[in-house]
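The block underneath contains the structure these notes are about, expressed in structure tokens.
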Amino acid sequence: MNAVGEDARLAAVHSYRLLDGPRPVVLDELTRLAGAVLGTPMATVTLIDAEREWFAGKTGVLGDGGPLATSFSAPVVDTREPLVVEDTLAEPRYRAWDCVQGAPNIRFWAGVPLVDEDGHTLGSLCVLDDKPGTVGDRQMDLLRTMAGQAAGHLAALRNRQLLAEIGDELSRAISREEDFVATVSHELRTPVTTIQGYLELLVDNEELAPYRRLIDPIQRNGERLVRMVDHLLAGTRPAAAPLPLLRAGTDLAAVAEAAAASCRGQAAQRDVPIVIEAGPGPYSVPGDFTRLSQAAEHLVRNAVLFSGNGQTVTLRVTATSLEVLDSGAGIPADELPHVAERFYRGQYAREQAVPGVGLGLSIADRIMHAHGGALAVESAGPGRGTCARMTVPK
């Protein structure tokens, strides 16, 4: 890239005011979805500055960035093309890098360009693992979709900052709230994420295999704590505060895939298969991929938690809706009107100590209302399963 083009690109990177600042929660959520979809423990939204890379969103990665000399994202910016490295130790260019030889011990890396609305390549959305891996065409398509969402969210964040500067009270209120949520999320999630990162290293240490039964529950409870923090931050948002959305063409089948991927680990622990039923489509709706995936994930997670061993959870995709069906505990008729209330937990959840704080359906309901859509929960009664349907108008 010529010097003028690089200067313009760097100016674009700095215009988002994310370098050395709190990470927007929505970008952290996108990386979590990306890692779930591609089955990797780590993912980042990486911005490329003049001499360093900066993680504007991340999952499972310690630290906030590193030098350009050992950045996998830098070549993505230079070529504006995706990059996949299936095994870094098999590539002379990468095998001696500090991030390969030491933490986070990158063996697999796959990323796509992060291009903003003005055509500047800001960095990449990438997934990484400490084990060799591969990536399929469908997974790369989903990664590109999420990179487009990340760019859209960046633009929305910058626009709200500009509006706040010229005195728009609503934008100032949203910006203050997002700063608060980002700061609290950082203070609560970062220590847990750091602990989880070191636990991953302990799990890979063969000498500590006898202690695996002690490490595994620590990992599970750390993940549960992170989810609880996310639920509390999302679920206690003031009712009058608008939910910022990035409206774009969103594939409901991709939403279903992302939600299912996020819940498959928990489903496997409970021996609950997750099946997606979707025809050839199209399933495009005007919506925010990240928010809709969050809503769907809450529905799937509930279905898994309230299902017995061996019972299947089915995600059924139609042109404007996503249904999550289970044949589990079901919901009594007198509880159905209350299931979307904040902190509401039904009798079965209390008696069986089902994990959660009673915010999942409330968050999903709010996301659907922000889209002008609806969340409907139906059940034939206790022991007869549940159908939760999220509908997005065309």
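Given (1) part of a helix (DSSP H, G or I); (2) modelled with pLDDT of 95 or more, identify the lone condition not met by Glu53.
Result: Glu53 passes all but (1).
Against the definition (free of Cβ contacts under 8 Å to residues at least 12 places away in the same chain and more than 27 Å from Gly249 (Cβ to Cβ)), how does Glu335 come out, yes or no?
Numbers: free of Cβ contacts under 8 Å to residues at least 12 places away in the same chain: no; more than 27 Å from Gly249 (Cβ to Cβ): yes.
So Glu335 does not fit the description; no.
Do any residues in segment 69-92 that are assigned by TED's automatic domain parsing to the domain that holds Lys131 have Cβ atoms under 7 Å from those of residues that are in a loop (DSSP other than H, G, I, E, B) and of a type in the set (Gly, Ala, Ser), where the two are at least six apart or on different chains, and which pairs are they?
Filtered contacts from segment 69-92: Glu86/Gly133.
Report the residue count in segment 245-288 for those that are in contact with a helix residue (DSSP H, G or I) (Cβ under 7 Å, 6 or more places away or on another chain), of a type in the set (A, V, I, L, M, F, W, C) and assigned to a helix (DSSP H, G or I).
9
Kindly provide the set of residues from segment 345-372 that are touching an Asp or Glu at 6+ places or on another chain (Cβ under 7 Å) and either closer than 24 Å to Arg291 by Cβ or among the aromatic types (Phe, Trp, Tyr) (or both), ordered by number.
Ser362 - this is the single residue of segment 345-372 that is touching an Asp or Glu at 6+ places or on another chain (Cβ under 7 Å) and either closer than 24 Å to Arg291 by Cβ or among the aromatic types (Phe, Trp, Tyr) (or both).
For the subset of segment 22-50 comprising residues that are in contact (Cβ under 8 Å) with a residue 40 or more places away in the chain and part of a loop (DSSP other than H, G, I, E, B), which member is farthest from the chain's Cα centre (by Cα)? Let's see the steps before the verdict.
Applying the first criterion (in contact (Cβ under 8 Å) with a residue 40 or more places away in the chain) to segment 22-50 yields 22-48, 50.
Then drop every residue that is not part of a loop (DSSP other than H, G, I, E, B), which leaves 22-24, 39-41, 50.
Numbers: Pro22: 17, Arg23: 13, Pro24: 12, Gly39: 12, Thr40: 12, Pro41: 12, Ala50: 28 Å.
Among residues in segment 22-50 that are in contact (Cβ under 8 Å) with a residue 40 or more places away in the chain and part of a loop (DSSP other than H, G, I, E, B), the one farthest from the chain's Cα centre (by Cα) is Ala50.
Scan (1) among the hydrophobic types (A, V, I, L, M, F, W, C); (2) loosely packed, with under 15 Cβ neighbours inside 10 Å; (3) under 20 Å from the mean Cα position of the chain (by Cα) for the single condition Ala69 breaks and write down its number.
Every condition holds for Ala69 apart from (3).
For segment 97-109, does any single residue satisfy the condition of being free of Cβ contacts under 8 Å to residues at least 60 places away in the same chain, under 24 Å from Ala155 (Cα atoms), outside any loop (DSSP other than H, G, I, E, B) and out of contact with any Phe, Trp or Tyr (no Cβ under 6 Å at 6 or more places or on another chain)?
No, because not a single residue in segment 97-109 is free of Cβ contacts under 8 Å to residues at least 60 places away in the same chain, under 24 Å from Ala155 (Cα atoms), outside any loop (DSSP other than H, G, I, E, B) and out of contact with any Phe, Trp or Tyr (no Cβ under 6 Å at 6 or more places or on another chain).
Residue pairs, Cβ under 7 Å, 6 or more apart or interchain, first in segment 255-281 and within 11 Å of Val317 (Cβ to Cβ), second of a type outside the set (A, V, I, L, M, F, W, C) and assigned to a loop (DSSP other than H, G, I, E, B). List them.
Filtered contacts from segment 255-281: no entries.
How many residues, within segment 66-85, are in contact with a Ser or Thr (Cβ under 6 Å, 6 or more places away or on another chain) and either β-branched (Val, Ile, Thr) or within 18 Å of Ala43 (Cα to Cα) (or both)?
Filtering segment 66-85 down to residues in contact with a Ser or Thr (Cβ under 6 Å, 6 or more places away or on another chain) leaves 73, 76-77, 80.
Now narrow it down to the ones that are either β-branched (Val, Ile, Thr) or within 18 Å of Ala43 (Cα to Cα) (or both): 73, 76-77.
Adding up the residues that qualify gives 3.
Taking Leu336 as the residue in question, decide whether it is surrounded by fewer than 18 Cβ atoms within 10 Å (Cβ to Cβ) and of a type in the set (A, V, I, L, M, F, W, C). Lay out the reasoning, then the answer.
On the way: surrounded by fewer than 18 Cβ atoms within 10 Å (Cβ to Cβ): yes; of a type in the set (A, V, I, L, M, F, W, C): yes.
Against the criterion (surrounded by fewer than 18 Cβ atoms within 10 Å (Cβ to Cβ) and of a type in the set (A, V, I, L, M, F, W, C)), Leu336 qualifies.
What residue, of Thr391, Thr386, Thr320, is touching a residue at least 60 places away in the same chain (Cβ under 8 Å) and in contact with an Asp or Glu (Cβ under 6 Å, 6 or more places away or on another chain)?
Working: Thr391 fails: in contact with an Asp or Glu (Cβ under 6 Å, 6 or more places away or on another chain); Thr320 fails: in contact with an Asp or Glu (Cβ under 6 Å, 6 or more places away or on another chain).
Answer to the check: Thr386.
Here are some residues: Gly381, Gly346, Gly360, Gly356. Which one is over 22 Å from Val285 (Cα atoms), in the same structural domain as Thr290 (by TED's automatic domain parsing), exposed (fewer than 15 other Cβ atoms within 10 Å of the Cβ) and of a type in the set (Gly, Ala, Ser)? Explain how you work it out, then say what you get.
Numbers: Gly346 fails: exposed (fewer than 15 other Cβ atoms within 10 Å of the Cβ); Gly360 fails: exposed (fewer than 15 other Cβ atoms within 10 Å of the Cβ); Gly356 fails: exposed (fewer than 15 other Cβ atoms within 10 Å of the Cβ).
Of the residues listed, the single one that is over 22 Å from Val285 (Cα atoms), in the same structural domain as Thr290 (by TED's automatic domain parsing), exposed (fewer than 15 other Cβ atoms within 10 Å of the Cβ) and of a type in the set (Gly, Ala, Ser) is Gly381.
In this structure, is Gly372 surrounded by fewer than 21 Cβ atoms within 10 Å (Cβ to Cβ), in contact with a Pro (Cβ under 6 Å, 6 or more places away or on another chain) and not in a strand (DSSP E or B)? Spell out the reasoning first.
Numbers: surrounded by fewer than 21 Cβ atoms within 10 Å (Cβ to Cβ): yes; in contact with a Pro (Cβ under 6 Å, 6 or more places away or on another chain): yes; not in a strand (DSSP E or B): yes.
Taking the combined requirement at face value, the residue satisfies it.
May I ask you to say which residue of Val377, Val354 is in a strand (DSSP E or B), out of contact with any Cys (no Cβ under 7 Å at 6 or more places or on another chain) and of a type in the set (A, V, I, L, M)? Reasoning before the result, please.
Working: Val354 fails: in a strand (DSSP E or B).
From the options Val377, Val354, the qualifying one is Val377.
The values are calculated or read from the model by the stated rules, or taken from the named source; none is laboratory data. All values reported here derive from a predicted model rather than from experimental measurement. Here the Cβ is made from the backbone with ideal geometry for all residues, glycine too, and neighbour counts use every protein chain on show.
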